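*Asks:* Quick one: this structure, given as structure tokens, is what I'll be asking you about.
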Amino acid sequence: MRTCLFGFLSLLILQGTSTASAKEPAAVSPNVPHDMRHHLLADPHRPEFHFVIPEGQVAPFDPNGGLFYNGRYHLFYIYQDEDRQHCFGHISSRDLFHWRQHPTVLAPKEGDADVGTFSGGAFLDKQGVPTIIYWGLGDSWGRGKKLNRPGGICLATSTDKNLDTWTKSPHNPVIPYPKQGDKEYERYTAVDPSAVWVKDGKYNVLTGNLQMMIEVHKNKPEFKKGDTNYLFQSDDLIHWTYKHEFYKSDRKWTAAFEDNMCPDFFPLGNKHMMLFISHTKGCQYYLGSYENDRFAPEQHGRMTWVDHEFFAPETILDDKGRRIMWAWVFDRNSVASQRAAGWAGLFSLPRVLTLGQDGNLRMNPPEELERLRYNAVTADDLSVPAGQEVVLDKVKGSVFELNIVLEPSPEAKQFGVVVARSLDGAEQTRVFYDATEKKLKIDTSKSGKEGGRKIEGGPLELAADEPLRLRVLVDKSVVDVFANDGRQAVCRRIYPSNHQSVGVAVFATGGPVKASKIKAWDIMPSNPY
């Protein structure tokens, strides 16, 4: 249902013309991809080690169907073809950063039960067959065509080792979308299924509740407020039985207008995690207990706080036992800028999710990122007086990683680093700890002429005498920050307009700070262009 909130963005398709004779196969002019490649390589805002749509403007750009299979990480994602139909693209990788493009795996065609592909998950069935479960869009999404396709939860399977070819189930939709007048209409909805898991021999799947909130609330405003999921079970993936709401939300954590979509449910340590979005507040999660086919949330956290621009999470459990997540990070430059650039669509850095000894979530980049480092620079024992910025002459650029340890005085109120800084400091992005509010923050109010230009901040409380340990990754138009061994992470888009905005500095307010360790690296691009 994302497009009802964000609208479609046209996909830009660059096609060549051919002067070949009718006897010869048509060929795309070699100048078209050549020119496009150079255009993208010259883009000052196109990230180099985050996964970016190869070309074109897409929205939604949700990562979906994460699966580790046959030695590769596989991710699928929503994109729109030249007819603005929603399809699943497909990429795979061995190292989480260098991605191979595959053929489109799911696209609507005549005879299908759906008119487009929206979010879902991937899993191996009981026989080990790779399976995608997804929200198949119904007639209301079919650009005015009425084809008697109700939409709902659909399945597709693959039998080739590279997962290039998929076959949609003849039983689709296996969970039809309830229509007004159906007995199920006020019980559940059939949208955004989670990845399927097996428990006690039965397949289990969750579906999101946005449609329930939108449709039923129109006539019954008091009905089913807040986020929840709907649990279904099956013996054969074809015949599904609705069980009940999977959990009850609590207003101390989420607002009544928040939904639960793009759900991902999995064990993490000795707890279970519900990772999801609300369309109004973005990516968030619960940690809690799972028994008797119900989930009991025990704590709640967010991954975006001032808006919803960190969105649509997806995870993979890999062969090392790691739970790795991605999110869609919104493009917040203007539509005109996106059209001129020729692309819009970005995934976050992969985050490895673990449970700390204190029972709280930890988020860190995977170790594979370190293989992209080169040109190391180090410095130690830098003193930063209160109210000043100290420029790091040896650290600068638009693509780099900075690891820094800051030891504050008791009087220090805000302290951290400035990146993407112009020579006069007029353009800059500040990453810092706010000791008063006890938050890790990114201030993008001076980050450029475009973008959200807000102060984003997540909870982080340093103990007495505990230093601030920052891992800051700058990739042209996106900044990722991980603090104190993954206790908090924030991500934000920036759009520097000054080509000299490549400086880095350390700052402190209220009291002095010592930067006891500083280490930085250039990061080798992993995107082909």
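Read-outs throughout are calculated quantities, based only on the coordinates presented, and are distinct from any laboratory measurement. Note that this is a predicted model, so its numbers are computed, not measured. Heads up, the Cβs are rebuilt from the backbone with ideal geometry, glycines too, and the neighbour counts pull from every protein chain shown.
*Asks:* Given labels modelled 7 Å from the Cα in the Cβ direction, how far is it in nm from Q500 to K218?
*Replies:* For Q500 paired with K218, the spin-label model returns 5.6 nm.
*Asks:* Could you work out how far apart the two model spin labels at S445 and V405 are, taking each label as a point 7 Å from the Cα in the direction of the beta carbon, and quote it in nm?
*Replies:* 3.3
*Asks:* Quick check for you: which residues of the stretch 495-529 have the amide N under 19 Å from the point 7 Å beyond the Cα of E437 toward its beta carbon?
*Replies:* Zone members listed by number: 507-511.
*Asks:* What is the Rg over Rh value, at two decimals, for the stretch 373-523, using alpha-carbon atoms and the Kirkwood definition of Rh?
*Replies:* My calculation puts Rg/Rh at 0.93.
*Asks:* Shifting gears a bit: Rank these for me by crowding, E314, E291, E450, E401, going from fewest to most other beta carbons within 10 Å.
*Replies:* Ranking E314, E291, E450, E401 by Cβ neighbours within 10 Å, fewest first, gives E291, E450, E401, E314.
*Asks:* Compute the orientation-averaged projected area for the stretch 150-288 from the convex hull of its Cα atoms and round it to one decimal in nm².
*Replies:* 10.2
*Asks:* So for the pair D43, D319, with labels modelled 7 Å out along Cα→Cβ, what separation do we get in nm?
*Replies:* Using points 7 Å along Cα→Cβ, the separation is 3.3 nm.
*Asks:* Tell me the Kirkwood hydrodynamic radius of the stretch 141-221 in angstroms, computed as one over the mean inverse distance between distinct C-alpha pairs.
*Replies:* About 14.9 Å for the stretch 141-221.
*Asks:* Next question. When you count, for each residue, the other Cβ atoms within 10 Å and take the mean per peptide, how do 40-50, 196-206 rank with the highest first?
*Replies:* Order by mean packing, descending: 40-50, 196-206.
*Asks:* Calculate, in nm to one decimal, what R94 and K519 gain on full extension: separation in residues at 0.36 nm each, minus their alpha carbon distance.
*Replies:* Contour length minus Cα-Cα distance gives 150.3 nm.
*Asks:* Is the stretch 60-330 rounded, prolate or oblate when judged by the Cα gyration tensor, a ≥ b ≥ c being the square roots of its eigenvalues, rounded requiring a/c under 1.5 and prolate requiring a/b larger than b/c?
*Replies:* rounded
*Asks:* Compare the peptides 246-255, 183-192, 517-526 by average per-residue count of other Cβ atoms within 10 angstrom and give them in order, highest first.
*Replies:* Averaged packing, sorted descending, gives the order 183-192, 517-526, 246-255.
*Asks:* Express in whole angstrom the spacing between the alpha-carbon centres of the stretch 478-526 and the stretch 86-111.
*Replies:* Between the Cα centre of the stretch 478-526 and that of the stretch 86-111, the gap is 33 Å.
*Asks:* Could you list D319, D236, D114 so that the one with the fewest beta carbons within 10 Å of its beta carbon is first and the one with the most is last?
*Replies:* With the fewest neighbours first, D319, D236, D114 line up as D319, D236, D114.
*Asks:* Pull out the extension gain between N70 and N162, defined as 0.36 nm times the separation in residues minus the alpha carbon to alpha carbon distance; nm, one decimal.
*Replies:* 32.3 nm
*Asks:* A further question on this structure: Any chance you could give the angle, 0 to 90 degrees and rounded to 10, that helix 210-219 forms with the longest Cα principal axis of the chain?
*Replies:* Tilt relative to the chain: about 70 degrees.
*Asks:* Starting from 0.36 nm per residue, how many nanometres of slack lie between E184 and L423 once their C-alpha separation is accounted for?
*Replies:* Full extension of this stretch gives 79.8 nm more.
*Asks:* Kindly flag which residue pairs out of K218/K248; K413/K449; K248/K271 have an alpha-carbon separation exceeding 19 Å in this structure.
*Replies:* Result: K218/K248; K413/K449 exceed 19 Å.
*Asks:* What do you get for Rg/Rh over the stretch 368-451 if you use C-alpha atoms and the Kirkwood form of Rh?
*Replies:* Looking at the stretch 368-451, the ratio lands at 0.96.
*Asks:* A further question follows. Would you order R430, R294 from fewest to most other beta-carbon atoms within 10 Å of each residue's own beta-carbon?
*Replies:* R294, R430
*Asks:* To the nearest 10 degrees, how steeply does helix 31-41 sit against the main Cα axis of the chain, on a 0 to 90 scale?
*Replies:* Value to nearest ten degrees: 50.
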